[in-house]
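The values are calculated or read from the model by the stated rules, or taken from the named source; none is laboratory data. This structure is a prediction, so every number in the text was calculated from the model and none was measured. When we count neighbours, we look across all protein chains shown, and the Cβ atoms used for this are built from the backbone with ideal geometry, even at glycine.
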Amino acid sequence: MELYEGSLDTKEIFGRWLDEQSNSNYGAYIPFVGTIRAEDNIDALSFDIYEPVLKAWFDSWQKKAEERGAIVKMAHAIGDVPVHTSSYVSAVFSPKRRVALELIDEFVEDFKANAPIWKYDIIDGKRIYAIDRSNQMDGAGLLS
Amino acid sequence: MIKVEFLGPIGKEPVEIEASTLRELSSKLKADKELLEWLDICAVAINDTMVNNLDISLKSGDRVSILPPVCGG
């Protein structure tokens with residue numbers, strides 16, 4: 001798991017991950033890129049991350065992937081990320097394509113639901129929490 | 001004392017509260033009107049492990065994190 005200040009250098013990250021696994025005998029490598037879209041007059045998105053819980057979440061997915069003979073990778077931006085650049089990349093390596101195709105779907109969807117990352121719109125220099133697009137984590141409301 | 005941290009957009013400084021269970025901590029936090037709406041939608045971690053049970057015991061030095069709705073990517 002990798003965290004960076006600002007936009008991700010997607011080509012460097014994907015190229016490096018590919019090089020790292022070049023002799024691992026994985027038959028399938030599926031990368032996913034999340035790019036900031038220009039919409040609703042935003043100049044950028046901005047992100048806060050709580051790293052200890054994110055690390056625990058990622059480690060639990062690495063275990064699930066290992067049980068299927070695969071590995072998962074991810075990188076995310078912290079702070080401001082301008083439109084048309086990338087804030088999030090992930091990938092799955094597996095011996096065969098079917099596991100990789102299923103795992104990238106499950107991994108990215110659970111990332112959206114449970115990774116402790118908070119998103120803000122940057123509009124006219126203001127940082128506005130994107131609550132309408134955010135998801136309550138598993139167990140939300142416990143203290144209410 | 002239990003340290004309670006409010007993560008991401010809640011924008012509130014950490015507080016220290018005396019409580020022996022998560023249930024007791026909940027009732028003390030609910031005394032803060034500003035927190036009521038957040039508590040309805042927030043998840044909870046104790047010492048960075050996510051939890052889903054109010055009967056969990058707390059001991060002095062435990063750190064409770066309040067996690068608002070998320071949207072990575």
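For the reader, a short list of remarks on this structure follows.
- Sole residue being aliphatic (A, V, I, L, M), under 26 Å from residue B:45 (Cα atoms) and part of a strand (DSSP E or B), chosen from A:72, A:33: A:72
- Number of the condition not met by residue A:73 [criteria: (1) in contact with a Phe, Trp or Tyr (Cβ under 7 Å, 6 or more places away or on another chain); (2) surrounded by fewer than 18 Cβ atoms within 10 Å (Cβ to Cβ); (3) of a type in the set (Lys, Arg)]: (2)
- Selection count, region A:107-144, where residues are surrounded by 15 or more Cβ atoms within 10 Å (Cβ to Cβ) and away from chain B (no Cβ under 12 Å): 1
- First in region B:20-32 and in contact (Cβ under 8 Å) with a residue 40 or more places away in the chain and of a type outside the set (S, T, N, Q), second anywhere and assigned to a helix (DSSP H, G or I) and surrounded by fewer than 16 Cβ atoms within 10 Å (Cβ to Cβ), Cβ under 7 Å, 6 or more apart: none
- Selection within region B:33-46 - over 25 Å from residue A:115 (Cβ atoms) and either surrounded by 16 or more Cβ atoms within 10 Å (Cβ to Cβ) or touching a residue at least 12 places away in the same chain (Cβ under 8 Å) (or both): B:34
- Against the conditions (1) in contact with a strand residue (DSSP E or B) (Cβ under 7 Å, 6 or more places away or on another chain); (2) within 19 Å of residue B:10 (Cα to Cα), residue A:131 satisfies every one except (1).
- When region A:34-50 is limited to residues that are over 9 Å from residue A:87 (Cβ atoms) and surrounded by 14 or more Cβ atoms within 10 Å (Cβ to Cβ), the one that is farthest from the other protein chains (Cβ to nearest Cβ) turns out to be A:43.
- Top-ranked residue in region B:53-69 [being surrounded by fewer than 17 Cβ atoms within 10 Å (Cβ to Cβ) and either small (Gly, Ala, Ser) or under 12 Å from the mean Cα position of the chain (by Cα) (or both); ranked as nearest to the other protein chains (Cβ to nearest Cβ)]: B:54
- Condition check for residue B:27: at pLDDT 95 or above and assigned to a loop (DSSP other than H, G, I, E, B): no
- Residue check, residue A:59 within 13 Å of chain B (Cβ to nearest Cβ), without any contact (Cβ under 8 Å) to a residue 12 or more places away in the chain and surrounded by fewer than 16 Cβ atoms within 10 Å (Cβ to Cβ): yes
- Filter result for residue A:9 (over 30 Å from residue A:126 (Cβ atoms), of a type outside the set (A, V, I, L, M, F, W, C) and away from every other protein chain (no Cβ under 14 Å)): no
- Cβ pairs under 9 Å, 6+ apart, first in region A:1-27 and closer than 11 Å to residue A:86 by Cα, second of a type outside the set (S, T, N, Q) and part of a loop (DSSP other than H, G, I, E, B): A:7/A:36
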